[in-house]
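The values are calculated or read from the model by the stated rules, or taken from the named source; none is laboratory data. Please read these numbers as outputs of a predicted model, since none were measured by experiment. Positions of Cβ are backbone-derived with ideal geometry, glycine not excepted, and every protein chain shown enters the neighbour counts.
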Amino acid sequence: MNIGITEPKYAILDDGSQVVVKLSRGPEGNLVLFNEYVCYRLAILIDRLLCLKRQQKRLSNKQV
């Protein structure tokens, strides 16, 4: 897979499913993987916050 600076690789798991993996000994070192993990967790948090906001908005619209 020739996309991205971290040189991700395709892998096939024991159950036959295909995944994209990034190795800890990549060209940019471990810090890049750590940064991507932090961004991933932030994205999940932001998505949850946005979902809560939408639910609150729906509830307040129903009360009007």
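Looking only at region 21-30, decide whether some residue is surrounded by 10 or more Cβ atoms within 10 Å (Cβ to Cβ), assigned to a helix (DSSP H, G or I) and at pLDDT below 80. Walk me through how you get there before you give the answer.
Step one: filter region 21-30 for residues surrounded by 10 or more Cβ atoms within 10 Å (Cβ to Cβ), giving 21-23, 26, 28-30.
In the following step, the residues that additionally are assigned to a helix (DSSP H, G or I) were identified as 30.
Okay, now just the ones that are also at pLDDT below 80, so 30.
Yes, region 21-30 contains a residue that is surrounded by 10 or more Cβ atoms within 10 Å (Cβ to Cβ), assigned to a helix (DSSP H, G or I) and at pLDDT below 80.
Annotation note: of L33, L45, the sole residue that is touching a Gly at 6+ places or on another chain (Cβ under 9 Å), aliphatic (A, V, I, L, M) and part of a helix (DSSP H, G or I) is L33.
So, in region 4-22, how many residues would count as being more than 20 Å from Y37 (Cα to Cα) and among the small types (G, A, S)? Residues meeting the conditions: 2. Applying the set (1) surrounded by 10 or more Cβ atoms within 10 Å (Cβ to Cβ); (2) hydrophobic (A, V, I, L, M, F, W, C); (3) not in a helix (DSSP H, G or I) to I5 leaves exactly one unmet item: (1).
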